[in-house]
Amino acid sequence: MLAAEADRMTPARVPEDLWRRGRRRYRRRVAGTVAAVLAVALALPGLLVLAAEPPPVVGASTEGAVPGRVYDPWPWQAPVAQSPPGPAAILLSGSGNGLGGVDLPGAYGSKIAAVGRDGSYRMLRYADTYLQVGQRVRLSPDGRYVVGPDSVEDLIVPGRAGRLSVVDLVTGHSRRFKELPADVPVAWQPDSAALLLWSQPEASLVNYGETPPFDGNEATYGYAGGSLWLLDLATGESRKVLDLGAAVFDPINSVAFAPDGRHLAVQVDRALVLVNTADGGSRTLATLGAGQRLAGTGAFTADGSRLAVLGLDGCAVACTNAARNQRQWRLTTLDAATGQAGPDGGFDPVPGAAVRVAGWQRDGTAVLVTYQDEHHPYYDREPSIEAPAAYRAVSAAKLLAVRPGGGTTQLIRQEGVWVWDIDVAHDLVVDGRFGGPSPEPTAFPAAWWLYCLVLTPTVGLLLLVVLVVRWRRRAPRRAVPLPTPN
């Protein structure tokens, strides 16, 4: 009995590796916790994307449409290069949290929203400042490509000199063109296979008051001279199609491709010239009157039989912004073969500081972009020296449908965003595909820097926890005295 009692009073033997096994279990638990937290942190953006995706629109065209509403993108909206949206319906430039650029080194000078045909938003960011879509940044007729400065996805760096970039919205890849005889894009060929470029000579800006305005409008921002070149995107080769000499030239409104892609209308001073881009031949189609101008890159009707011209009623030269905004524009057409005036379409006058035609629907409805300039006592103290469609002059741009026989409709409503220019895929204009899905921009996918901003402190906190735990485990333990047997 004494032996049994002695055995009962003897402490149980502790395995020699018990401490090591406990440490291993503890480490496995810590590692598992860290891995779980990291997995959740990495998966969270993807889960948010799935949760934020707009529901499918029943009955929506598989080919997409121009959205009926547009919004301000998120400041961290994913760029095209990171998350291509596919062919775009429209491009937007303007101001706001998502569209506003910054004219400071180390920042993006311009941010352009590419709105996909499903209503999704992605961004094109350029080092060049004050860029406007439909001007220095242009969407191809099929909505797949965007041409702009060579500074795409680059930050502002003093002394940067670039040429052109063409971004594929389907793949996200950019092709950069540097050795070019011209670098100002003025129009896309209708098949989206080539670009018309203007070689702007040095000191081409017409000084205020020195040269009479070629169309009765604002000599202050007119340009003179240079030449037009056609850039083949497949080969990268360029060829000259027209020498402008010393003529005044407007790079926004003065060119338009015919639907066949071989004929090009160009306004040179007041002459409307028709150019055959295949053989370089040209002839004068018509002489425009004072206050008239070619209506823009979408001037040819859908069947190519007529050509749109805009006439101005209102202040023409040395105007304040307030006077510009009171202008009325008359839309008329010319026969594309003879240059003779076409039948009066009965279009309503279009108000705006400036107007350009984006294209024509097959039913004869004209789709126009109109501009309102900044109207404020500070800007109206004297005649404005900014072009009416320039980034720093415009306060609002609208997309309108102007129907033959009368009637005007605003095609895109703007919700909480300052839109200063709009470019529309020409194929959607011709088919009249408007009023498409209009979901608000989703917060994800986001630009890579936001993920870094969110994940870096999370990972840092986890590492700090691990270090603290390891330090505590390595700290010397205080000896605990064994109980003294009675």
With every protein chain kept in place and a 1.4 Å probe, region 89-163 has an accessible area per residue in Å² of 31
Per-peptide average of other Cβ atoms within 10 Å, ordering 339-351, 412-424 highest first = 412-424, 339-351
Can you check what the Kirkwood hydrodynamic radius comes to for region 61-145, Cα pairs only, in Å to one decimal?
-> 13.0
Chain lengthening between Ala107 and Arg330 when straightened (0.36 nm per residue, less Cα-Cα) = 76.1 nm
Using only the alpha carbons of region 272-323, determine the length spanned along each of the three principal axes and report them from longest to shortest in whole angstroms.
-> 45, 22, 16
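Expressed as a whole percentage, what fraction of the accessible surface of region 65-122 belongs to carbon and sulfur atoms when a 1.4 Å probe is rolled over the protein heavy atoms?
Heavy-atom surface of region 65-122 belonging to carbon and sulfur, 1.4 Å probe: 54 percent.
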Label points 7 Å out from Cα along the Cβ direction at Ser305 and Arg69: separation in nm?
-> 4.0
Give the residue from Gly352, Ala302, Ala323 lying farthest towards the positive end of the charge dipole for region 292-358; charges sit on Cβ (+1 for Lys and Arg, -1 for Asp and Glu) and the dipole is referred to the Cα centre.
-> Ala323
Placed amide H near Leu244: partners under 5 Å, 5+ positions off or other chain | Gly226, Ser227, Leu228
Quick one: in region 212-329, what % of C-alpha pairs are over 19 Å apart?
-> 49
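The values are calculated or read from the model by the stated rules, or taken from the named source; none is laboratory data. Small disclaimer: the values here were computed from a predicted structure and weren't measured. Methodologically, a virtual Cβ is constructed for each residue, glycine included, from the backbone with ideal geometry; neighbour enumeration extends over all protein chains shown. When the accessible area is computed, the model is the full protein with side chains, heavy atoms only, and any ligands, DNA or RNA have been set aside. Shrake-Rupley method; radii C 1.70, N 1.55, O 1.52, S 1.80 Å.
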